[in-house]
Amino acid sequence: MFQKLVNLNQDLKQLIDKGYAVAVDSTNNLVIRDIPYLDSKGELKIGAIVARLRFIDQFRFEQEDHQIYFAGEVPYGLDGQPIQNLAGGSCSIGLSKSCDDVVVQRSFSNKPRVLGRYNDHYHKLETYVGLISGPAIHKFQANPYTFRVCDEASPDPIFKFRDTLTSRSGLADLCEKFSDEVVAIIGLGGTGAYVLDFMMKTPVKEIRGYDHDFYHVHNAYRSPGRLQEHEFGKAKAEVYLERYENFRHGLSIKSLYVDMSTQNELADVTFVFVCIDDGDARREVFNLLIDLKIPFIDVGLGLKRSNTGALSGMLRSTYFSNDKAEAVRQKKWANESEDPNNLYKTNIQISELNALNACIAVLKYKQLKGFYHADAESFNTLFNIGSFSMVRELSLDEN
């Protein structure tokens, strides 16, 4: 893979031919090790330069901007003063484990005055190395051109296309919180299909989906993705696997009814989304997940006609933690029996509401993992469609 990057990016090839110790990190950063510089005492130090890459496609990239990041102390000149024309400041960015020896401490900004940008990465790196390493080269005959072979860029273990969003947003440290997560989605109906779609773009280690039903016309009106006419009549599991398997690794979607007899399917699962509208089936799944001590979120959606004839109703997202699952269950926020008068049993489901319900559930999951900030622990969230108001249950002691 690294050689293909070299073949398709002339500036990368120039850097390697010059002798730089080049690596392309899976976080979409160019890493140049073995960069000599002088510290405040005039002693020789070795640092590393990191530059963000903007990928055009799977293998070709261009410059993100004129800045670089530096792993090392502030570089000094022969006069004992910090090198001029290196604006910037202290900062850090996350790199992958293969580059964890490179600890970014600061950024530098030296913008070309005439063109306003560098021609390419070769022009950019040569300019910065001249500024940073020049004094060390002069004083110690230090050599930044070591021709050292560094770790080659390895394929992303999760996604089949480069995750440029994470690197461009500087979210690598937060995304790492999902690295050991194995998430199951039970039920791929309206809301479950959107949960699956959102989780597909989340860098969890593995996703397992389960639904024993078939894909019909009504499903097409409340599920994401492009509709293919040949999908009608197929198992939902087959449809969604075909739709998403080209996007990521670690994906398994099975046509299966989940109950106590299928508990082996949930081996190693760390979190579950329960997206089923049958109370009896929900009760079986709750028994299974609580017995296995797997935390989960259950969703519900209920609509009915109001006095004006327009639709009204509620969206519900309920979190069952390992230690408080039974206490949450006793609140009976989620129906576990077939009650014809239960609001959440009505069959009216509309795509924007399914998507919003899935959004609330996935947002809650990401709060639990520390990706999003949560100002308080909550167990049950209700969204009123008519008033656009949201109510959260923050305590299990309330009546």
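The values are calculated or read from the model by the stated rules, or taken from the named source; none is laboratory data. What you are looking at is a predicted structure, and each value in this text was computed from that prediction instead of being measured. As a convention, Cβ positions derive from the backbone with ideal geometry for all residues, glycine included, and neighbour counts pool all protein chains shown.
General observations
- For the criterion of being in contact with a Cys (Cβ under 9 Å, 6 or more places away or on another chain) and within 19 Å of Thr191 (Cβ to Cβ), Ala358 passes.
- Test: residue in region 192-206 that is at pLDDT below 90, within 29 Å of the chain's Cα centre (by Cα) and not β-branched (Val, Ile, Thr): no
- Looking across region 186-210, just one residue is aromatic (Phe, Trp, Tyr), assigned to a helix (DSSP H, G or I) and crowded, with 22+ Cβ neighbours inside 10 Å, and that is Tyr194.
- Any hit, region 186-209, residues being among the hydrophobic types (A, V, I, L, M, F, W, C), assigned by TED's automatic domain parsing to the domain that holds Gly300 and in contact with a His (Cβ under 7 Å, 6 or more places away or on another chain): no
- Of the residues Ile46, Ile93, Ile68, the single one that is in contact with a strand residue (DSSP E or B) (Cβ under 9 Å, 6 or more places away or on another chain), at pLDDT 85 or above, farther than 19 Å from Asn9 by Cβ and not in a loop (DSSP other than H, G, I, E, B) is Ile46.
- Every pair of residues 6+ apart whose Cβ atoms lie under 6 Å, when the first sits in region 367-395 and is without any contact (Cβ under 8 Å) to a residue 12 or more places away in the chain while the second is surrounded by 11 or more Cβ atoms within 10 Å (Cβ to Cβ) and hydrophobic (A, V, I, L, M, F, W, C): Gln367/Ala374; Met390/Phe383; Val391/Leu382
- In the set (1) in a loop (DSSP other than H, G, I, E, B); (2) surrounded by 13 or more Cβ atoms within 10 Å (Cβ to Cβ); (3) in contact with a Gly (Cβ under 7 Å, 6 or more places away or on another chain), the condition left unmet by Gly80 is number (2).
- The residue list Leu382, Leu289, Leu303 contains one member that is in the same structural domain as Phe198 (by TED's automatic domain parsing), within 31 Å of the chain's Cα centre (by Cα) and surrounded by fewer than 20 Cβ atoms within 10 Å (Cβ to Cβ), which is Leu382.
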